[in-house]
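What follows is a single structure, written as structure tokens, with notes after it.
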Amino acid sequence: MSNNSEKPSAESSLPIRNPRTGKIDLQINVPATSEIASICARLRAKQVAWGRTPIAYRIEIMKKWAQRLEVHRAALIEADSTDTGYGQISRVAPDMIIGSIMRTAAVAPAVCEQARRSGTSPHSPAIRFDTNLRPYPVAGIIGPWNAPLMLSTLHAVPPLFAGCAVIVKPSEIAPRFVKPIMQAISEVPELAEVLTYVVGDGQTGAAIVENADIINFTGSVPNGRKVAEACARRFIPAILELGGKDPAIITETADLRAAAKAVVRGAVTSTGQVCFSIERIYVQEEIHDAFVDLLAQEAERVHLNYPDPTVGQIGPYIAERQAAIVDEHLDDAVRQGAKIRTGGKSENLGGGLYMRPTVLTDVTHEMKIMVDETFGPVMPVMRYKTEEDAIRLANDTYFGLSAAVIAGSEAEARRIGDQLDAGLVSLQDTFLTFAGFGVGLQPDSFKFSGMGSRAGITAYFRRQGVLINSGEVASLAEEQLQAVG
């Protein structure tokens, strides 16, 4: 996010790189900050009627949108696949969004009712209390580049059900899906009045922060800090989902073959470009060598989806700069004594930047690859002696998004997992975060991985208390007479 949000900008053109070819094949127009202000003003005016509608009406409109998303499913997948280099998540993104809409529609009335408080005051029986749920007028959603369609849109669903108007800005690295999703929105006129997507750069995001009433941001810790500071200056809420350096602990009693499969899937899915990817693995020293052998074997079974994007499991880096970051982490680790067991640095294939699943050993916490977010298909493995050592090493981070424990029994895994500083802990597997979608599981992040992460419908309400006196109005003068008499 730009620090120049106070300076209006003229519309400019921004080149967009294709992650598979490395070529610039799209130009987007970056709106002036005054245009963002106008869009938010229009949304705020339209939100008044939308926010006053019964929840049943909003459910009906959202279901219509889900139907139109299904109609445009193929176009959404193709656009998002181009944005991500044909990443795995692109193929399921529309289904996840549609599923989220339908699940939220099923529970929204009960969620709203449970958020209300009503009754009679225990102190004054003549006074009743009630609750109004007042949606924030305009919710701003600022999405990341690693799962552009899915994350930008999933975060827009709860505020729409709550009655907010919503403006969404995806990452400028991956904006192609905006065209088909805006087509789907345009086919539901009632929704088109209160939901829009805008393409743009960091200054566009800054303008949204300056004009919306609540912000949901997914991205890096440095940019999240800028968003949080800007929101604090305006006294508006910020919901932040930031980076991770997620650990996996493998105990001496674990099924090593199953653990190797789980770690590779958790570390390599979508080229490791997932905030809750496994980025460091702690293995009990007695089984370390055997586990590394199995991990390397499993890693070598995963293939690049080049040259055919429909064959293979791992695509190119979406962001060119990310390949450079991961390469630098590998170089730093090797300089300090780490050994690459399989895989290696990024490769330029047809203009795209690819990296094969990479296993490292002899790593330490003095290396960037064990402490900084890597965001690539890299699996550094470190020995530990005791359970206490494993817990200490896993918690030795300024991140706290998710973690995993694989042990010989669920009870053993739970004992360890309950001591980890992470918002979500997967036991006996990794990468279970998606299974929590739609079941009301909205954990808090720990440390620098985010804040305000309870991003369901109720996060977008301001609760207004209402007190009603059905008895006689008290007289101050009479109260004084009683006190002295």
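A short reminder: the numbers here are calculations on the coordinates, not readings from a lab. Only a predicted model underlies this, so the values are computations on that prediction, with no experimental measurement involved. For neighbour counting, all protein chains shown are included, and Cβ atoms are generated from backbone atoms with ideal geometry for every residue, glycine included.
For this structure, a couple of remarks:
- Dipole axis of segment 146-226 (+1 Lys, Arg; -1 Asp, Glu on Cβ), positive-most option in Pro170, Leu151, Asn223: Asn223
- Label-point separation in nm, Ile127 to Gln67, each point 7 Å along Cα→Cβ: 4.9
- Ordering of 207-216, 71-80 by burial proxy (mean other Cβ atoms within 10 Å per residue, highest first): 207-216, 71-80
- For the chain, the antiparallel share of DSSP beta bridges with both residues in that region comes to about 40%.
- Point-charge dipole on Cβ atoms (K/R +1, D/E -1) for the chain, about Cα centre, debye to 20: 1320
- Rel. contact order, % - alpha carbon contacts under 8 angstrom, at least six apart, the chain: 18
- Neighbour counting of Cβ atoms within 10 Å sorts the residues His288, His329, His123, fewest neighbours leading, into His123, His288, His329.
- Mean separation of Cα contacts under 8 Å (6+ apart) over length of segment 237-329, as relative contact order %: 28
- Förster radius 22 Å - calculated FRET efficiency between Leu349 and Ile24 (Cβ-Cβ, nearest 0.05): 0.75
- Grouping the Cα pair distances of segment 292-433 into 5 Å bins from zero gives a pair-distance distribution of 2, 9, 16, 19, 20, 17, 10, 5, 2, 0 percent in increasing distance order.
- R0 of 25 Å, Cβ-Cβ distance Thr120-Thr458: FRET efficiency to nearest 0.05: 0.60
- Sum of side-chain charges, Leu195 neighbourhood, beta-carbon under 14 Å (Lys, Arg +1; Asp, Glu -1): +4
- Principal-axis tilt of helix 320-335 within the chain, Cα atoms, nearest 10 degrees: 50
- Once the chain from Arg225 to Gln336 is taken as fully extended at 0.36 nm per residue, the excess over their C-alpha distance is 36.9 nm.
- Bridgeable lysines around Lys261 (alpha carbons under 27 Å apart, same-chain partners fewer than 8 residues away excluded): Lys245, Lys339, Lys345, Lys368, Lys385.
- If a spin label sat at a point 7 angstrom from the Cα of Tyr398 along the line to its beta carbon, the backbone N atoms of segment 205-230 nearer than 15 Å would be those of 220-226.
- Seen from Ser186, the other residues with C-beta closer than 13 Å to its C-beta sum to a net charge of 0, counting Lys and Arg as +1 and Asp and Glu as -1.
- Radius of gyration and Dmax over the Cα atoms of segment 249-334, both given in Å: 14.3, 41
- Here Arg234 and Arg52 are evaluated by their C-beta separation; at R0 = 22 Å the FRET efficiency comes out at 0.30.
- Over segment 139-238: Kirkwood hydrodynamic radius from C-alpha pairwise inverse distances, Å: 13.5
- Compactness of the chain, taken as the C-alpha radius of gyration over 2.2 N^0.38 Å, stands at 1.09.
- Exposure proxy order (Cβ contacts within 10 Å, fewest to most) of Val473, Val107, Val263, Val378: Val473, Val107, Val378, Val263
- Taken about its Cα centre, segment 241-347 carries a charge dipole of roughly 120 debye when the Cβ of each Lys and Arg holds +1 and the Cβ of each Asp and Glu holds -1.
- Cβ-based exposure ranking for Cys275, Cys112, Cys231, in which fewest neighbours within 10 Å come first: Cys112, Cys231, Cys275
- Listed residue (Thr253, Pro109, Asn348) projecting farthest to the positive dipole end of the chain, Cβ model: Pro109
- Cα-based helix-to-principal-axis angle, 73-84 vs the chain, degrees rounded to 10: 60
- Computed over neighbours whose Cβ is under 14 Å from that of Ala323, the net charge equals 0, Lys and Arg +1, Asp and Glu -1.
- If only the Cβ of Lys and Arg carry +1 and only the Cβ of Asp and Glu carry -1, the dipole of segment 246-436 around its Cα centre is close to 380 debye.
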